[in-house]
Amino acid sequence: MTIKKIGIIGAGQMGSGIAHVSALAGYDVYINDLSEDVIKSGLATIDSNLARQLSSEKITAAERDAALEKLHAANDMQALEDCDLVIEAASENEAIKRKVYDNICPILKPEAILATNTSSISITRMASSTDRAEQFIGIHFMNPVPVMKLVEIVRGIATNEQTFEAAQDYVGRLKKISAVSEDFPGFMVNRILIPMINEAIYTLYEGVGSVEAIDTSLKLGANHPMGPLQLADFIGLDTCLSIMQVLHAGLSDTKYRPCPLLVKYVEAGWLGKKSGRGFYDYRGEEPVPTR
């Protein structure tokens, strides 16, 4: 199948990032979300990020202009009916994602591929709730999408070879590197990364070190570009908690138990950079540790 027209459901950080790189690669991209305001906000973010790439000479003015012409607001899901590939980039909540599939499947043409950007949820299980399990696949982008080179491709038990090859071709056209993961909770990246972050939170929770000490130790002692607590804030603490819960439920191992401090921060609404507070307070000129 030749993919020309792409639909993105979800105009948040991940959805707008996927739309951004897809438009730059020459695809016609239609962005859908629950409201026109959210779609407009997503398109404005893409415009800003393209301008940043232009100013740093990562793209040319012609490439920016061509990408902007490829981007379209899809204020109604019906606008996605002719899409060859639709990527769901909704919140990391299975019930929300299933509702999206219930709404989009009757609209899509029979041969269209449906993909999810989930970072941890079973592809096989979600595929079974659609009318196209053979044409359902996980295409998991890393955040921030325009910067990160890796994309995890995850086949469900029913995913056919044509869908798999089409997903690989799509990722390659974006000039990104694909890594194929088996369909197990957390896949590869988050099965390794999020428990490490969770352990860093336990280290803070148990008083072994402060926020600043833990992040400095991993940056200078393990040569990480960003400390694990700062990284958690950038990912979103609600997302970190959701992935830990998927790992804990799916693998039934106590080593994946979410740290109570992570739960407490999420309950407080301290979700990281996007909410203004997490393990750091971002409301001033410089981030300040909250513990």
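R0 = 45 Å: FRET efficiency of R283 with V180, Cβ-based, nearest 0.05? Approximately 0.60, to the nearest 0.05.
The P(r) of the chain has a tail past 35 Å containing 19 percent of all C-alpha pairs. If you average the C-alpha positions of the stretch 215-246 and of the stretch 163-187 separately, how far apart do those two centres end up, in angstrom? Centre-to-centre (Cα) distance: 24 Å.
Gyration tensor over the Cα atoms of the stretch 54-172: the corresponding equivalent ellipsoid has semi-axes (square roots of 5 times the eigenvalues, largest first) of 26, 17, 14 Å. Once you reduce the stretch 46-74 and the stretch 113-129 to the center of their Cα atoms, the two points are 30 Å from each other. Counting neighbouring beta carbons within 10 Å and listing from fewest to most, the residues E92, E69, E199 come out as E69, E199, E92.
Once the Cβ-Cβ distance of R257 and E165 is raised to the sixth power relative to R0 = 30 Å, the FRET efficiency obtained is 0.20.
In this rough spin-label picture, where each label sits 7 Å from Cα along the Cβ direction, the H224-E111 distance is 4.6 nm.
Its DSSP H runs of at least 4 residues, each contributing -39,500 (n - 2.57), put the calculated 222 nm mean residue ellipticity of the chain at -14000 deg cm²/dmol, to the nearest 500. With N the number of residues in the stretch 190-283, Rg(Cα) / (2.2 N^0.38 Å) evaluates to 1.01.
Coordinate-derived values only; no laboratory data. This one's a predicted model, so the numbers in the text were calculated from it and none came from an experiment. FYI the Cβ positions are ideal-geometry reconstructions off the backbone, even for glycines, and counts take in every protein chain you see.
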